[in-house]
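Here is the structure we will look at, set down as structure tokens.
The values are calculated or read from the model by the stated rules, or taken from the named source; none is laboratory data. Just so it is clear, the structure is predicted and the values come from calculations on it, not from any experiment. Here Cβ is always computed from backbone atoms with ideal geometry, including for glycine, and neighbour counts include all displayed protein chains. These accessible areas exclude ligands, DNA and RNA; they are computed on the full protein's heavy atoms, side chains included. Shrake-Rupley method; radii C 1.70, N 1.55, O 1.52, S 1.80 Å.
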Amino acid sequence: MTHSPAADGAASLRVTSARGRWTLLATVLGSSVVLLGSTVTNVALPHIGDDFGADLAVLQWTVNAYMLTLAGLILLGGSLGDRFGRRRIFVVGIVWFATASLLCGLAPDATTLIAARALQGAGGALLTPGSLAIIEASFHPDDRPRAIGLWSGFGGIGAALGPFLGGWLVDGPGWRWTFLLSIVPALLCVPVALRHVPESVGTPPKDAVVAAGAEVRRRLGFDVPGAVLGALALALATYALTEARHGGLVAVIAAVGGVVAGATFLIVERRSADPMIPPAIFSSRQFTAVNLITLCVYAGTGGFFFLTALQLQIVVGYSALAAGAAMLPNTLLMLLFSSGSGVLAQRLGPRIPLTIGPLVCGAGMLMMLRVGPGASYLTDILPALLVMGAGMVVMVAPLTVTLLSSVSASNAGLASGINNAAARAAGLVAVAALPLLVGMGPDAYRSDAAFDTSFSRAMPLCAGLVAIGASIAFGMLQQTAAASHRPHGRTHGWLMEPPLVSRFAHHQTLD
């Protein structure tokens, strides 16, 4: 990003200072609770279904209600932070998320749990954009790369422990504690943020309207109609896909409503003075290609990890703890080697890694076809997860590097926010659609034979999705190396968090 001299003068925190360390702690804790909300839940799903006597649709909505509001509102959350103060919205998001987590943990029935999960996602949409935006706005330019690296590293450790910790809690005090767990870092984060994190807001440049295709319109406004229509389109499409197996008029109406809401969203964005997703930013072929690749690969990997956590427990017979621990090697590979992968992508250009990476992921997905009743961890499960992890190492960091190099520096925050929303939405649709496409019945997760059959049908579909992403990369991306942008994105297991910084190029720090 580019900054005005005044802004950089105000952004003066140093990593070695006490206030700088406290600010980093607050941002790490904040982003960690959102990651925990994403990573600890999958291993708890069979136990949630058993306790509530629920069908597969309830398990899908337990995941999707969270992803729906997070994906649909995340850009609006960034705009609210720019307008009203990033620390303020960050703290509101933390408190909101913790309250929703408490409601999840105390939910007396499945309907209440799903509603609380939706509230959790809304809280995450408020605090997630502010986490990195606070670092960008608060730290001295010389210290920003180090601060972002520390934030990424510590956040990655938290994400790596998520499935393992979730499994331990499910097998110990129970699945409700996977939600109550988020309250602890939230309680620590709020006083630290209020005491130590400097407040900042976004200030638009004086020339609010600039050339289309090079820059997008910059105003300190936010697009509420666009946010509502985008979330509504996602919600109706997800509902239609989840309920389609039952047939009926309601699912058809939801599908039609989703199409209408999506079309209206596009019209509103074209006409809005403050569009949430300015159409001009898609004038970059590279940016458009990256987002198409993101949709494909995160649909494939989102479906993969959702179903694999269930397969290991329902079919292989693992406990929740063992299932969470089984997937640790994939995350560890990401933590150890993603940084080098980003550097390599800068030297080689994006086409090679973003073609090879998804294809390697697809190979790992197909290797999971060997994982059935009596599967060996060392000879069946581990090799597949290692291949999957290797593919994600090759793919995820270069995807972020290519994203940032495809737009001007002042549009980096907006571009990464759009890409993050695309990744969330892709996973959301995959979790809703895959069970329908493979004929997974409402009670399939109660039968190891039925679930194993559906899983065997789903893995080639997931592999096909990532292969489509690879073909888009090969056909649309330039081979030239990324010129000037350093990879600021963080890679946490299967969940990529691109830099959700301010939508505006200038910062103002408040007393």
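Could you report segment 228-283's accessible area per residue, 1.4 Å probe, as an integer in Å²?
51
Name the long-range amide H neighbours of Glu199: under 5 Å, sequence gap of 5 or more, or other chain; modelled H, no Pro or chain starts.
Residues meeting the criterion, in which the H sits 1.01 Å from N, are Leu510.
Show me the ranking of peptides 393-401, 310-318 by mean Cβ neighbours inside 10 Å, starting with the highest.
393-401, 310-318
Determine by what factor the alpha-carbon radius of gyration of segment 329-436 differs from 2.2 N^0.38 Å, reporting the quotient.
1.22
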